[in-house]
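Before any comments, here is the structure.
The values are calculated or read from the model by the stated rules, or taken from the named source; none is laboratory data. From a predicted model like this one, the values you see are computed outputs, not experimental measurements. Cβ: placed from backbone, ideal geometry, glycine included. Neighbour counts: every protein chain shown. All accessible areas refer to the heavy atoms of the entire protein, side chains included, with ligands and DNA or RNA removed. Shrake-Rupley method; radii C 1.70, N 1.55, O 1.52, S 1.80 Å.
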Amino acid sequence: MNYNYSDRVSSLKPSAIREILKHTANPEVIPFAAGNPSAEAFPVDMINKISTELLSSDPIASLQYSITEGYTPLRDLLKKRMQSQGCFDPGTDDLVITSGAQQANELACKVLCSDGDTLICESPSFIGSLNAFKSYNVNLVGVDLEDDGINIEKLETALKENPTTKLIYLIPNFQNPTGNTMSFEKRKAVYALAQKYNVIILEDNPYGDLRFKGESVPSIKSLDTDGRVIYSGTFSKILAPGLRVGYVSAPEPIIQKIVVCKQVSDVHSNIWAQQICERFLATADLDAHFANLRKIYKTKCELMQSSIKANFAENVKVTDPEGGLFIWATLPETTDMMQFCKTAVEQYKVAVVPGTAFMISEETKTTSFRMNFSTPSDEQIVKGCEVLGMLTKK
């Protein structure tokens with residue numbers, strides 16, 4: 001039988017990099033291609049304790065249907081926390097719990113973008129959000145990244161050339177995949193351009209609490225004076241990704257539309273998981289918890305950086321993240337990056353993500369690849385960098 005797919009999905013195709021990433025299922029492969037938090041970072045005992053208390057004291061509240069907006073005590077705690085960080089205005093904003101930050105980003109696109117509308121993003125950018133945006137038939141336009149964030153001149157050019165732009169999607173802190181952080185000057189410049197061209201900014205901040213060096217930079221949302229910034233966050237990197245709890249904050253009219261769209265998508269996010277997140281925020285020693293996370297990732301990042309320095313060829317450029325989970329490595333322009341990645345995983349069992357995965361189109365030329373330092377063990381980090389270093393010298 002021939003199947004006629006909808007216009008929305010007919011153009012979606014399997015990624016060419018799947019042939020590389022399928023090797024990551026092999027437990028013998030060193031997982032530099034992952035994006036998982038470190039196994040050391042999960043507060044398993046406390047999650048177990050909270051779960052036991054929830055299911056013992058009022059199990060029906062954890063197992064029954066609930067409201068689409070999310071578990072009210074969790075929403076209230078998040079609003080207070082975000083307000084203290086300058087990224088929630090109780091007079092104009094509202095907040096909804098989502099199934100991870102990716103759903104928050106997908107719903108923002110669904111609410112604001114019609115078929116053919118332009119969505120501008122960093123290039124490279126997070127593959128999960130890119131695929132979500134593509135599913136809504138938007139005109140996805142990538143703007144080059146610099147060490148301190150998106151290229152402002154090229155961003156303005158993109159805005160001029162695409163008058164139907166509805167959203168600018170950004171990951172300002174420890175960007176996935178590069179690990180770079182946008183400077184405060186560029187955050188202000190991006191917001192000024194959003195005002196000038198009357199577009200909305202979608203600020204994705206999954207890694208903001210994982211800063212292990214340098215000074216914190218105010219969010220773009222903290223600059224918002226006219227209701228044009230949507231802010232998404234998640235518990236995936238600070239608690240546990242399997243809980244699938246994220247959130248999105250935006251001006252109330254946008255949130256109302258997001259709620260309606262979420263109702264037809266999944267009714268509501270997992271209430272039991274939301275209750276765990278609320279109890280964790282309310283009762284845990286958060287300062288100690290975040291200090292432990294930062295220590296774990298600082299140690300792993302420094303180990304990977306020192307191993308890269310000791311083993312990689314000098315003509316390989318790598319980023320120097322101040323937090324998050326990733327390092328972006330760029331080979332010389334004459335290198336066949338895809339063949340490099342294939343050789344690494346097929347012959348030497350070291351998996352990295354080819355840079356093409358993070359581009360608007362896999363046809364975009366790049367010689368970069370992403371390395372993750374949170375998932376592999378210390379021994380794997382050292383061994384994997386030795387293998388990749390050997391390949392960079394061939």
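Evaluate the range 231-253: report whether one residue or more is among the polar types (S, T, N, Q), under 16 Å from the mean Cα position of the chain (by Cα), at pLDDT 95 or above and open to solvent by 20 Å² or more (accessible area, probe 1.4 Å).
Looking through the range 231-253, none of the residues is among the polar types (S, T, N, Q), under 16 Å from the mean Cα position of the chain (by Cα), at pLDDT 95 or above and open to solvent by 20 Å² or more (accessible area, probe 1.4 Å).
Going through the range 201-218 one residue at a time, which ones are closer than 18 Å to GLN103 by Cβ and open to solvent by 20 Å² or more (accessible area, probe 1.4 Å)?
Selection gives ASN205 alone.
This table checks each residue for (1) aliphatic (A, V, I, L, M); (2) within 20 Å of ASP144 (Cα to Cα).
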| position | (1), (2) |
| --- | --- |
| LEU325 | yes, no |
| LEU331 | yes, yes |
| CYS341 | no, no |
| TYR348 | no, no |
| THR367 | no, yes |
| PHE373 | no, no |
| ASP378 | no, no |
| LYS383 | no, no |
| GLY389 | no, no |
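Which one is nearest to LYS298 (Cα to Cα) among residues in the range 345-379 that are assigned to a helix (DSSP H, G or I), in contact (Cβ under 8 Å) with a residue 12 or more places away in the chain and among the acidic types (Asp, Glu)?
Taking the candidates together, the pick is ASP378.
Could you tell me which residue of the range 138-188 is nearest to LEU107 (Cα to Cα), considering only residues that are over 21 Å from the mean Cα position of the chain (by Cα) and open to solvent by less than 20 Å² (accessible area, probe 1.4 Å)?
My answer is THR165.
Quick grid of which residues meet (1) farther than 30 Å from ASN292 by Cβ; (2) in a helix (DSSP H, G or I); (3) over 21 Å from the mean Cα position of the chain (by Cα):
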position	(1), (2), (3)
TYR3	yes, no, yes
VAL9	yes, yes, yes
MET46	no, yes, yes
TYR65	yes, no, yes
PRO73	no, yes, yes
VAL111	yes, yes, no
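Scan the range 82-109 for residues that are open to solvent by 50 Å² or more (accessible area, probe 1.4 Å), in contact (Cβ under 8 Å) with a residue 40 or more places away in the chain and over 18 Å from the mean Cα position of the chain (by Cα) and jot them down.
Going residue by residue through the range 82-109, those that are open to solvent by 50 Å² or more (accessible area, probe 1.4 Å) are 83-85, 89-92, 102.
Checking the rest, the ones that are also in contact (Cβ under 8 Å) with a residue 40 or more places away in the chain come to 85, 89, 92, 102.
Within the range 82-109, GLN85, ASP89, THR92 meet the criteria.
From the list LEU119, LEU95, which one is of a type in the set (A, V, I, L, M, F, W, C), touching a strand residue (DSSP E or B) at 6+ places or on another chain (Cβ under 7 Å), under 16 Å from ALA132 (Cα atoms) and not in a helix (DSSP H, G or I)?
Sole residue among the options that is of a type in the set (A, V, I, L, M, F, W, C), touching a strand residue (DSSP E or B) at 6+ places or on another chain (Cβ under 7 Å), under 16 Å from ALA132 (Cα atoms) and not in a helix (DSSP H, G or I): LEU119.
Would you mind stating whether ALA158 is touching a strand residue (DSSP E or B) at 6+ places or on another chain (Cβ under 8 Å) and outside any loop (DSSP other than H, G, I, E, B)?
It is true that ALA158 is touching a strand residue (DSSP E or B) at 6+ places or on another chain (Cβ under 8 Å) and outside any loop (DSSP other than H, G, I, E, B).
To keep it simple, each residue is scored yes or no on (1) under 30 Å from THR72 (Cβ atoms); (2) crowded, with 19+ Cβ neighbours inside 10 Å; (3) without any contact (Cβ under 8 Å) to a residue 60 or more places away in the chain.
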| position | (1), (2), (3) |
| --- | --- |
| ALA273 | yes, yes, yes |
| CYS277 | yes, yes, no |
| ALA282 | yes, no, no |
| PHE290 | yes, no, no |
| ARG294 | no, no, no |
| TYR297 | no, yes, no |
| LEU303 | no, no, no |
| ALA310 | no, no, no |
| ALA313 | no, no, no |
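Any idea which of LYS309, LYS342, LYS298, LYS383 is of a type in the set (D, E, K, R), part of a helix (DSSP H, G or I) and within 22 Å of ASN205 (Cα to Cα)? It would help to see each step written out before you state the result.
Details: LYS309 fails: within 22 Å of ASN205 (Cα to Cα); LYS342 fails: within 22 Å of ASN205 (Cα to Cα); LYS383 fails: within 22 Å of ASN205 (Cα to Cα).
Going through LYS309, LYS342, LYS298, LYS383 in turn, the sole match is LYS298.
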